[in-house]
Amino acid sequence: LLLAALGAQAAAGDFNPYRVLGVGRSSSQADIKKAYKRLAREWHPDKNKDPGAEDKFIQISKAYEILSNEEKRANFDRYGDAGESQGYSQHQHRQFHHFHEGFYFDESFFHFPFNSERRDTSDEKYLLHFSHYVNEIVPDSFKKPYLIKITSDWCFSCIHIEPVWKEVAQELEALGVGIGVVHAGYERRLAHHLGAHSTPSILGLINGKITFFHNAVIRENLRQFVENLLPANLVEKITDKNYIPFLSNWKKENKPHVLLFDHMPAVPLLYKLTAFAYRDYLSFGYVYVGLRGTEELSSQYNINVYTPTMMIFKEHIDRPADVVQARDMKKQLIDDFLSQNKFLMAARLTNQRLFQELCPVKKSHRQRKHCVVLLTGEGDKFAEAYEAFLTFAVANTKDTLKFVHIYNDRQPEFADTLLMDEEKYRGKSAVVILERRNNAGKIAYKTLEEAWQGSKEDNFILLDLLDQLRTDPGLLSSETVLADLNDELAPMFLIRWLYSMLDYISDCWDSLFHSNWREMMPLLSLLFSALFILFGTVIVQAFSDSSDTRDSPPSEKEEAAAKTEKNDASFSKESNSRIPKKGFVEVTELTDINYNSNLVRLRPGHMNVVLILSNSTKTILLQKFALEVYTFTGSSSLHFSFLSLDKHREWLEYLLEFAQDAAPIPNQYDKHFLERDYTGYVLALNGHKKYFCLFKPHRSGDEGGTLGSCEDYDSSLHMEARGKSSCSPGSRSIKNKLHKLSFWMERLLEGSLQRFYIPSWPALD
């Protein structure tokens with residue numbers, strides 16, 4: 001093992017990138033690049049069948065990676081080390097790694113930011129200030145993500161991560177990531193605004209949203225962190241199955257579509273960053289040429305599988321509008337290529353921003369820019385006119401002349417202002433040449449005399465007008481003011497609200513589990529205080545209610561109920577379980593004064609239980625009635641009343657006519673009308689639904705009083721019941737009339753009693 005390790009170390013030490021590429025130490029970057037291309041073509045494994053070709057190709061690539069990077073090349077020239085972290089940085093990293101294991105000091109260890117003689121100036125160009133961050137960095141984060149480091153003086157951990165940070169910052173900046181450094185000692189306001197309360201801290205900023213980095217500070221983790229900041233749907237994977245639908249979507253999205261062909265399985269980070277920067281103008285797809293299922297696509301567009309190729313497609317999907325190929329696809333090359341192809345050849349004006357970009361306001365006489373606008377409609381009827389206009393646009397587009405089109409039915413105000421609702425343009429296409437004069441919407445324009453049909457004559461007329469416009473700007477003789485265009489592609493309000501809600505939930509989740517707890521303490525303190533007050537109040541109220549019930553002295557009403565118990569000593573032996581130990585029942589007399597409020601206009605879901613009695617049986621029946629219904633007084637939807645039979649016999653007889661089993665008169669009673677005995681009858685009256693349930697008095701030998709019914713019972717209001725109670729030994733037969741009334745009440749609440757409906761409540765005279 002020792003010999004193998006020494007052999008590997010010797011092999012690594014013998015590696016010389018200059019010797020591998022066959023160049024000298026003073027060679028320029030152009031010479032190094034030329035040597036690399038020559039050797040890469042010669043030793044590429046797909047072309048060279050030599051068994052050692054693959055290893056040789058790897059050495060060539062590694063040598064070029066070192067010598068093409070000025071910093072790595074300088075480190076190799078100085079230290080002879082071809083690793084990722086050479087020279088001083090690696091030496092410093094090793095020393096700090098062993099700092100906690102043993103006190104090893106060296107002059108290079110004391111490399112603090114406050115040491116002016118040995119200050120590392122790599123962070124100085126990235127330093128951020130509060131105003132610069134708010135006014136420039138945050139708006140720019142909607143075009144590219146930012147990686148920001150929070151540091152301070154006397155921060156040993158900051159020194160520990162410095163080599164990794166320096167390398168990753170240079171690498172990501174070349175790809176298009178913004179880099180920032182905040183010195184917490186000098187920019188406390190900005191550090192607090194970012195939520196960084198300790199150093200070192202690393203955070204990402206994208207679309208104005210801050211995300212903290214929580215993993216180990218190594219190159220792979222930082223790259224993955226930046227990649228995770230980007231939206232997941234920026235780049236679509238393209239194969240032979242979906243490339244036609246992808247490219248054909250240009251009309252719906254109103255964007256050119258970009259395809260990158262490369263031999264890497266994963267989408268390169270550079271391409272994702274580019275897609276994020278141009279997401280408002282272009283749609284991006286990625287083709288992995290080494291994957292099965294992309295042969296047809298590569299053959300269709302004649303792709304060189306060994307060289308990264310970028311193609312941009314506009315209105316025609318059978319051929320690319322522009323192509324760029326490069327073995328080393330740099331950011332500057334991609335930006336130059338895409339910035340020249342941001343719009344379709346004849347883009348559709350879907351919002352005001354697009355109109356302002358394609359048709360900018362003239363800044364001077366020499367910077368006049370004109371727009372040729374086709375006002376047309378959707379569908380096959382207008383397809384021929386649009387195709388002719390597109391062909392004309394491809395042949396005549398210039399830097400000072402842009403071609404666009406617009407749908408009249410989607411931008412009616414724009415079309416009506418330019419065409420003035422003339423009859424000759426109705427249902428047809430029209431062409432307008434315009435020039436924007438200011439940002440308030442003022443334009444100068446000229447409309448073609450006839451509707452645009454795309455004929456050769458129409459082409460000649462339009463071409464002649466454009467030639468005249470070069471020499472005579474006064475040709476645009478008409479002026480008007482245009483209103484802002486509608487945003488046709490804006491998502492619906494509900495979708496925007498849903499996205500906002502998801503973002504808010506995500507922010508709350510991140511704040512709860514990843515943010516500094518110092519920020520969360522005020523919110524958590526407020527939350528727990530509110531919960532403590534709420535539950536504390538409920539608990540105290542519960543204990544106070546129980547103690548009041550247990551300790552409060554008996555009231556006058558309770559004393560009256562107690563007297564009732566004493567007076568009815570003989571009956572209490574039979575029904576001791578149903579006699580209330582305290583409390584009372586409030587029973588009111590049903591008269592013509594309270595008839596409407598207690599019955600006719602009774603709230604829905606409420607019922608009035610009415611006892612029928614006479615003057616001679618009033619005291620005895622009220623006493624028994626109170627005992628039977630007391631256990632049901634807890635229901636707030638039940639009201640208790642009594643009705644004098646001596647005063648309102650006709651009203652009762654009218655109601656009983658609707659009770660099918662109550663009309664016959666019992667044989668034990670007299671047959672004369674005025675002598676019929678209804679005392680002890682109980683009616684449950686539902687004033688809202690106009691029905692009643694009937695309880696007939698208990699007779700000896702009859703096991704249960706007859707019933708009449710109720711269902712769908714509701715609880716809402718409580719009304720207590722009160723009545724006098726006295727009894728005499730000879731009143732047992734009268735009191736037995738209400739025997740088993742409590743069971744009837746239970747069935748009443750269950751809704752199992754028969755209901756007797758009436759057309760309307762009779763007057764109570």
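Rank by packing, highest mean first: peptides 313-326, 160-173, with packing defined as the count of other Cβ atoms within 10 Å averaged across residues.
Highest to lowest by the protection proxy: 160-173, 313-326.
Going by the alpha-carbon gyration tensor, a ≥ b ≥ c the square roots of its eigenvalues, is region 438-477 rounded (a/c under 1.5) or, if a/c is not under 1.5, prolate (a/b greater than b/c) versus oblate?
oblate
Given Lys209/Lys272; Lys125/Lys330; Lys143/Lys251; Lys34/Lys144, which pairs have Cα atoms separated by over 26 Å?
Lys34/Lys144
For region 230-244, in order, what is each residue's ³J(HN,Hα) by Karplus, 6.51 cos²θ - 1.76 cosθ + 1.60 with θ = phi - 60°, in whole Hz (x at glycine and Pro)?
6, x, 6, 9, 6, 10, 9, 6, 10, 9, 5, 7, 10, 6, 5
Return one whole number: the accessible area per residue of region 195-330 in Å², for a 1.4 Å probe.
Per-residue value: 47 Å².
Efficiency by 1/(1 + (r/R0)^6): what FRET value for Phe535 and His197, r their Cβ-Cβ distance, R0 = 30 Å, to the nearest 0.05?
The pair Phe535/His197 has a calculated efficiency of 0.40.
Among 632-642, 32-42, how do they line up from the highest to the lowest mean number of other beta-carbon atoms within 10 Å?
632-642, 32-42
Between Thr480 and residues 5 or more places away or on another chain, which pairs have amide H atoms under 5 Å apart, with H built 1.01 Å from N, and which residues are they?
Here Ile443 satisfy the definition.
Would you give the gap between the C-alpha center of region 322-376 and the C-alpha center of region 733-753, rounded to a whole Å?
Between the Cα centre of region 322-376 and that of region 733-753, the gap is 89 Å.
Take the alpha carbon atoms of region 145-194, find their center, do the same for region 212-271, and report the distance between the two centers in whole angstrom.
26 Å
Taking θ as phi - 60°, what are the ³J(HN,Hα) couplings along region 18-33 by the Karplus curve (6.51, -1.76, 1.60), each to the nearest whole Hz, with x for Gly and Pro?
Ordered by residue, 3J(HN,Hα) equals 5, 5, 4, 8, x, 10, x, 5, 9, 5, 7, 5, 5, 5, 5, 5 Hz.
The values are calculated or read from the model by the stated rules, or taken from the named source; none is laboratory data. Remember, it's a predicted structure, so these values are computed and weren't measured experimentally. Because the Cβ atoms are built from the backbone with ideal geometry, glycine has one as well, and the counts that use them run over all protein chains shown. These area figures cover heavy atoms from the full protein model, side chains too; ligands, DNA and RNA do not enter into them. Shrake-Rupley method; radii C 1.70, N 1.55, O 1.52, S 1.80 Å.
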